[in-house]
Amino acid sequence: DAIDLCLGEACRKFDYSVNEMMQFPKISDWKNHGLLDPNELSDTFDTSVLRQPAPAGEHPRVIFTADQLPEIRQRLKDSRLFRNQYMAIKGQLLQISPVETDWIDIHKKKYEEHYVEGRVVNRRYGFHGPWIRGWINMLAEGKEPEDLKGKWNEKNFKTNKRFMMHLLPWEALRCLIDDDRKGGARLGKALASICRFKGQHHWDLYGPSEKWWRNIYQLLGSESIGLACDWAYNFMDDESRVVVRKFISDITRGKLMLGADLIPVLPACTNNCIILELSLLPLALSIEGEEGYDEKAYLQCLNAYRKWCYVATHEDGAPYEGLTKSTYKSMWSIPLLAHGEPIIGTKWAYNFYRKFMLGVMTPGGREFVFETEVTSKLPAELAFKYAHPNCIVTDWIYTMTQIASIDPKFIPPWQNIRTSYGPNSFFDFLVTLDPLDMDKLGTDADAGAAWIDEKFANLMDHLKKIKEPLTYFSEFRGIMTARSSWDPQAAFLFFETRPMPGGHTHDSRNDFVFASHGRVWGWRPDAPEGPSSRRSVILVDDVGQGHQCVAGKTVRFVDREKATFIVGDAKWAYCYRNSGKGRGRLLNDFTPNDSRFKKCSLPWMDKPWSELPGWLDGKKGGDRHSWVEQHNPVEYAYRTAGLVRAARPFAVIVDDFKKDNDPHRYSWLLQEPADVDFKSKEILTGNILAIHLKDRSGRCLMIAMLKSDLINSLESPLEKMTYNTGEYVGYGKTPVRYDWLRVDFPNMVVLRLRTLLFPYAEGDELPELELAGDFGAVTINWGGEKSVVEFEAQEGNRTLVKVTTDECIEVG
């Protein structure tokens, strides 16, 4: 699957022998190892979106073609959603204006004037007007602005020129849609000057480089140059076209796209920089077929994207990386579809939405459980809706990316133009009809809310009708989600063992999220790459898992009609942390298959991480995943979690933890949303500790901890604790408020804790619990039904669990 690399070259470049290399099958051969055929298209894929590129020299061509312009202009008249997006673009473009009063003080009157003229000004963000001054006009005259002299070699995110680079393509698009020939000519001349100055002053920084890497795209704002060239091309004079075309040709010719030649094996091809550096794609395609065009640049983008889609995301839809860095960046599939490449239409890619996103969706449909947080903020992966227009699941999830737009007074926020990345939103109206048909709602906000509710009800009815499984399980990521029904009020349990170490991850193996009665209880607060204290896990003497820790392990998974359970082993995650160079490092001899419940038959899944290709350079034994260092040694760290689908559903959490033979303080954490309050605590018959939480709508959660004499104190450890901390939360973010419930178990050698979670509404009948013996079964009488959960402690090992409702489920 490598570009221009024969077997011998690949062996030399990546430090593998020929025999070792033969254990890395091509992606196209994965179907011979029990995996889904990567090239198999989904039945939901609309093949009519596959097109062929426009003839050489015709523009626009990268995202859409000239014959689509009349339709796009009509959409902007007919669609409220698209009008709002376009008004937001025009509002941002006030920064282009050299007239100071356009941007220096956007008070209410000025805002209203702009709105009437079709420009949405988001006053919250304000304007960065002073940076632009007369730059565009000066550049159009061929002059180098004084403010930019000596700064062309600085990365865009470090200088104010990043705002200019981000806005260039949107100004070109505005001129194209509005047929503003004067503005388009000005933009074209300015773009030519930018290319000339970048090329004249600092060519040595990116010209000779053989790699397309962040030091290039962060200097260039490369996709901005490509898209601005494509959309302004018809306004440019011949001289400007020659300058821009030559610059694009010179910086793309012969470049090696990150990921294009890597072996399609974990953890290679999982780097999120691959999809960021696909900025090369619109840049290369902007001169496709013209003088200086290097087809290899396009083919490398295609190969890199293909490998990233198949290696960094599993066939079950779950991504490898954390945060939101494993989104498909599906905008780049739009130009690929225009070249007849249906990656986004394959079952493999489609499962990201159809299985993973649906699986991690909470019962109410508005929030999703990601590595970073439980959130309603979703990446607007338009291409999935574009490629699968009639899929009701894709339709709902895409609706959630646009839900704020149902308010007729909605003002679209500015896209993030403060980083080094180029424009990657507002493509919606360029490629498809209004996917949500919002205009039929008129200007009634209540009608919009009712429309959303009807949409979701239709989704629930559809899932019930097709008997959609109530459980989603990703062997790849160790994610289990189980729900009691497809209903907004259903009980829902999310649990993650995370057998894949990933990148940008949280220290949270065996973390869980619980929801019921239309709300989330135990959740994931926003803490990118944060510590274990920000998740619902176990701390030992206030110390959690190693940062960027090694993989967790899925020990057991049982899915039955009446209950779904999973068992995770987080021992490695506590014992080790990721190791950088030059420290006390230990070779990581765990294999990917060591962490899985069911083994994968790909040959390299049985190779130690230390022998797999590095995530960045692809060489054998690359840094980060090949080495670990000791962190917080423990003998065992098991957690069993399950959802019981009784008449009144409840969850079971069992912790078996031992650090060593000395006594320690074990802390059980439950992260809570800020609107949840501590209600009460009591001791029930049988020495059962019951903690009650309550939200402001009268929805409650009862946390029953069996054998409560294990708890040393019933006072201070049980109060809900709110704190503001300066502790590391990732990426230098300002510390934020976190709420948690913390129960401490001091002076204990072994922690064997059995916890039951019972959601209820205030005034409801509470469960009656009867505990047999010190460590026996608990009988639950609730909702007119009896359930029995039996526990069998194993010396030096995890507790075995058996659940009986009207069927018997042995978790084992």
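The values are calculated or read from the model by the stated rules, or taken from the named source; none is laboratory data. No experiment lies behind these values; they were computed from the predicted model shown. Virtual Cβ from ideal backbone geometry, glycine too; neighbours counted across all protein chains shown. For accessibility, only protein heavy atoms count, side chains too; no ligands or nucleic acids. Shrake-Rupley method; radii C 1.70, N 1.55, O 1.52, S 1.80 Å.
Just a few scattered comments:
- Exactly one residue out of Glu770, Glu762 is over 27 Å from Phe597 (Cα atoms), touching a residue at least 12 places away in the same chain (Cβ under 8 Å) and over 37 Å from the mean Cα position of the chain (by Cα), and it is Glu770.
- Among the residues of region 119-176, the ones that are touching a Pro at 6+ places or on another chain (Cβ under 8 Å), of a type in the set (A, V, I, L, M, F, W, C) and at pLDDT 80 or above come to 6 in all.
- Within region 232-247, considering residues that are of a type in the set (Val, Ile, Thr) and in contact with a helix residue (DSSP H, G or I) (Cβ under 6 Å, 6 or more places away or on another chain), the one most open to solvent (accessible area, probe 1.4 Å): Val243
- For region 664-692, the tally of residues that are free of Cβ contacts under 8 Å to residues at least 24 places away in the same chain and in a loop (DSSP other than H, G, I, E, B) stands at 1.
- For Arg577: the one exception among (1) modelled with pLDDT under 95; (2) basic (Lys, Arg); (3) part of a loop (DSSP other than H, G, I, E, B): (3)
- Listing of helices (runs of 4 or more DSSP H) fully contained in region 16-100 that carry 1 or more residues being closer than 24 Å to Cys229 by Cα and open to solvent by less than 20 Å² (accessible area, probe 1.4 Å): 69-78, 80-92
- Within region 654-675, tally of residues that are of a type in the set (A, V, I, L, M) and over 12 Å from Val743 (Cβ atoms): 2
- Residues satisfying the stated conditions in region 611-626, i.e. within 24 Å of the chain's Cα centre (by Cα) and of a type in the set (A, V, I, L, M, F, W, C): Trp615, Leu616
- If you go through region 520-531 and keep only what is charged (D, E, K, R) and open to solvent by less than 10 Å² (accessible area, probe 1.4 Å), you end up with just Arg524.
- Residue in region 329-336 that is within 17 Å of Phe384 (Cα to Cα) and part of a loop (DSSP other than H, G, I, E, B) present: yes
- The number of residues in region 485-519 being part of a strand (DSSP E or B) and open to solvent by 10 Å² or more (accessible area, probe 1.4 Å) comes to 1.
- Residue that is at pLDDT 90 or above and surrounded by fewer than 14 Cβ atoms within 10 Å (Cβ to Cβ), where the choices are Glu765, Glu810, Glu727: Glu765
- Thr327 at pLDDT 90 or above, open to solvent by less than 30 Å² (accessible area, probe 1.4 Å) and under 30 Å from Ser224 (Cα atoms): no
- For Ala482, the requirement of being in a loop (DSSP other than H, G, I, E, B), touching a strand residue (DSSP E or B) at 6+ places or on another chain (Cβ under 7 Å) and modelled with pLDDT of 95 or more is not met.
- In region 607-663, residue least open to solvent (accessible area, probe 1.4 Å) [restricted to those that are in a loop (DSSP other than H, G, I, E, B) and of a type in the set (S, T, N, Q)]: Asn632
Rundown of residues vs (1) touching a Cys at 6+ places or on another chain (Cβ under 8 Å); (2) more than 21 Å from Met257 (Cα to Cα); (3) acidic (Asp, Glu), yes/no style:
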| site | (1), (2), (3) |
| --- | --- |
| Gly8 | no, no, no |
| Lys13 | no, no, no |
| Asn19 | no, yes, no |
| Pro25 | no, yes, no |
| Asp29 | no, yes, yes |
| His33 | yes, yes, no |
| Asp37 | no, yes, yes |
| Thr47 | no, yes, no |
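- Where Trp213 falls short, out of the listed (1) open to solvent by 20 Å² or more (accessible area, probe 1.4 Å); (2) in contact with a Cys (Cβ under 9 Å, 6 or more places away or on another chain); (3) at pLDDT 85 or above; (4) not acidic (Asp, Glu): (3)
- Single unsatisfied condition, Ser697 versus (1) modelled with pLDDT of 80 or more; (2) part of a strand (DSSP E or B): (2)
- Test set (1) among the β-branched types (Val, Ile, Thr); (2) open to solvent by 10 Å² or more (accessible area, probe 1.4 Å); (3) under 16 Å from Thr481 (Cα atoms) - Thr554 fails condition number: (2)
- Scanning region 535-555 turns up no residue that is over 26 Å from Asn797 (Cα atoms), in contact (Cβ under 8 Å) with a residue 24 or more places away in the chain and not polar (S, T, N, Q).
- Residue within region 562-569 that is closer than 16 Å to Tyr638 by Cα and either part of a helix (DSSP H, G or I) or among the charged types (D, E, K, R) (or both) present: yes
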